[in-house]
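Data first, discussion second: the structure below is written as C-alpha cells.
Any read-out appearing in this document is the output of simple, stated calculations on the displayed coordinates, not a laboratory observation. All of these numbers come straight from a predicted model, not from anything done at the bench. When we count neighbours, we look across all protein chains shown, and the Cβ atoms used for this are built from the backbone with ideal geometry, even at glycine.
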Amino acid sequence: MKAVSRNSFIFFRMSRNMTFLIASFLVAVACQRQDSSEERIATIPVDIEVVRFEEAFYGNVANDMGELKEKFPYFFPEQFSDSVWTNRREDSLQLVLFEEVHKKFNDFSEQQDRLHKLFQHIKFYFPEDSLPKVVTLMSDVDYQNKVIHADSLLLVSVDTYLGGENPLYDGISRYQREDMYPARLIADATDAMMKSKVVIPASRTFLAKMVYYGKLHYLKDLVIPWETDAVKIGYTDNDIAWVQENEQYMWKYFVENSLLYDTDPKLQRRFIDEAPFSKFFLEFDQETPGSVGQWVGWQIVRSFMANNDVALQTLLTMDAESIFNRSKYKPNR
C-alpha cells in the first residue's frame, strides 16, 4: 500500500473540513430563507370558514329539515325523500357515532388553527388559488375518502379521525386505523388540495410513480412544514425509523433488480399503494411499512430541490427521469 505523505493528509483534512463548512453554510442559508418565508407567511390574511354539518344535522334535532336542505343542498340529493333523512337522523348507530365525534371534536379550534396556517402557506406558494369553505360531516367512516376537495368546498369526514384505538373501528385493518388520528387531518386536507398541482405522469415506470408521490409529499414540506415526516406520509415513528435505517438497502434492491424503469403494474401494489407492509418477497417483509416507494420518491425530490435552483412550478411539471438524473440522490448509511 502506498504511503500517504503528511502534507497529503493535511490537505485531505483541510479539504474535508472545507466541504463540511460549505455544507454547513448552505444549510444555514436555507434555514434563514425558510425562517424569512415563514415570517412573511404568518402575515398573509386569509378568511377561513368552518361549518359543522354533523352538529347541525344530529346535534340539534330542532333544526328544520327544509332549512338544512336549503343551507346544504349538496348533501340532499333530490331523488331521496325527507323520510330518508329523518330516519337517518334517528338511527341509533348514527347517534352513537355522532356522540363519539362530538366528544372528540366538540372543540374544533385546534384543527381550525392548523387549517388557517395551511391556507396561509397555500396562498404564499399559490397566490391565485381560491380557498374553500371547510365543511365537517360524518360519512359512515369512509376511511378511503376522509377529505374531499370539491370546487369551493373542503369536505372533512370527522368520523374518520376518532383515533385508531376507538372501538367503533374494530373491523378496520390495523394499518388503516393507524392513519385515523386527529393529527392526520391536516395532512389529508393537504393531499386533497394539492393533488391538482402535480401533473400525472405519462410514463408508467416505477420511477415515475415514485417521483409523482414524492412531489406530493414535498408540497407538504412547504405548506405544512410544522408537521413531522410521519404525519405527512401517514407513518408511525417506528415506520420512519425503519425507512431511514434501510433507505440505502431499499434503493440497492430497486437498482439491482432493474425496477426503476420497469412498467409492471404489480410494482404499484408492492411498493406504492397503502398496505400493511411492502413486498420485497423477503423474509423481513412484514417488518416493513407500506408505500416505501412513496418514501423513496420523496427523498429523490428533496435531493433534487436541494441540488438545483428550480422554481416550484417547474418541479411540478418536470418528468421523473430528469428529476432523478439531476437529483444527485445517493442514500448512504
Notebook entry, point to check: So which chymotrypsin sites (Phe, Trp or Tyr not before Pro) in the stretch 195-255 end up in coil per DSSP with only 15 or fewer other C-beta atoms within 10 Å?
Noted result: 226
Checklist line | Electrostatic dipole magnitude of the chain [Cβ: Lys, Arg +1; Asp, Glu -1; Cα centre; debye, to 20] | finding: 2180 debye
Note to self: Give me the dipole magnitude in Debye, nearest 20, for the stretch 212-309 about the Cα centre, with unit charges on the beta carbon: positive for Lys and Arg, negative for Asp and Glu.
What the structure shows: 320 debye
Margin query: For the stretch 206-327, what does the relative contact order come out to in percent, with C-alpha contacts under 8 Å and a separation of six or more?
Written below: 37 percent
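Let's test the formula: R0 of 35 Å, r as the Cβ-Cβ distance of residue 332 and residue 125. What FRET efficiency results, to the nearest 0.05?
The pair residue 332/residue 125 has a calculated efficiency of 0.70.
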Margin query: Quick check: convex hull of the Cα atoms in the chain, volume per residue, rounded to a whole Å³?
Written below: 182 Å³
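Relative to the Cα centre, what is the charge dipole magnitude of the stretch 50-195, using +1 at the beta carbon of each Lys and Arg, -1 at the beta carbon of each Asp and Glu, and rounding to the nearest 20 debye?
Roughly 400 debye for the stretch 50-195.
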Checklist line | Candidates 36, 81, 109: whichever shows maximal mean-square fluctuation once the chain is modelled as a Gaussian network with Cα springs under 10 Å | finding: 81
Next item on the list: Specify whether the C-alpha gyration tensor of the stretch 206-327 places it in the rounded, prolate or oblate class, a ≥ b ≥ c being the square roots of the eigenvalues: rounded for a/c under 1.5, otherwise prolate if a/b is larger than b/c and oblate if not.
Entry: oblate
Check: Which listed residue (111, 193, 122) has the Cα farthest towards the positive end of the charge dipole for the stretch 50-195, taking +1 on Lys and Arg C-beta and -1 on Asp and Glu C-beta about the Cα centre?
Finding: 122
Checklist line | Approximate spin-label separation residue 64-residue 78, in nm, with each point projected 7 Å along Cα-to-Cβ | finding: 2.1 nm
Next item on the list: Taking only Cα atoms and a 10 Å spring cutoff, compute GNM fluctuations for the chain and point out the largest among 199, 158, 301.
Entry: 199
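Test of understanding: what is the full-extension gain from residue 241 to residue 283, defined as 0.36 nm times their sequence separation minus their Cα-Cα distance? Don't skip to the answer; put the middle values down first.
On the way: separation 42, 0.36 × 42 = 15.12 nm, distance 1.90 nm.
That works out to 13.2 nm of additional length.
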Next item on the list: Could I get the Rg over Rh figure for the stretch 109-248? Both from C-alpha atoms, Rh via Kirkwood, rounded to two places.
Entry: 0.97
Check: Mind checking which helices in the chain clear 15 Å along their axis (Cα) and have mean Kyte-Doolittle hydropathy of 0.0 or more, DSSP H runs only?
Finding: 6-41, 92-105, 206-223, 292-307
Next item on the list: Identify all lysines with a Cα-Cα distance to residue 69 below 18 Å; exclude those on the same chain that are fewer than 8 residues away in sequence.
Entry: 133
Notebook entry, point to check: When DSSP assigns beta bridges and you keep just the ones with both residues in the chain, what percent turn out antiparallel, to the nearest 5?
Noted result: 35 percent
Checklist line | Gaussian network model of the chain, Cα within-10 Å springs - most flexible of 70, 49, 247 | finding: 70
Check: Stretched out fully, how many nm does the piece from residue 262 to residue 87 gain, at 0.36 nm a residue minus the Cα gap?
Finding: 57.8 nm
Notebook entry, point to check: Pairs 195/220; 71/220; 146/195; 232/266; 197/220: which exceed 23 Å Cα-Cα?
Noted result: 71/220; 232/266
Check: Near residue 330, which aspartates and glutamates are there with a Cα under 16 Å away, not counting those fewer than 8 places off in the same chain?
Finding: 245, 247, 256, 321
Notebook entry, point to check: Among rounded, prolate and oblate, which fits the stretch 50-195 when a ≥ b ≥ c are the square roots of the eigenvalues of its C-alpha gyration tensor, a/c under 1.5 means rounded, and a/b larger than b/c means prolate?
Noted result: oblate
Margin query: Quick check: from the Cα gyration tensor, does the stretch 38-110 come out rounded (a/c under 1.5), prolate or oblate?
Written below: oblate
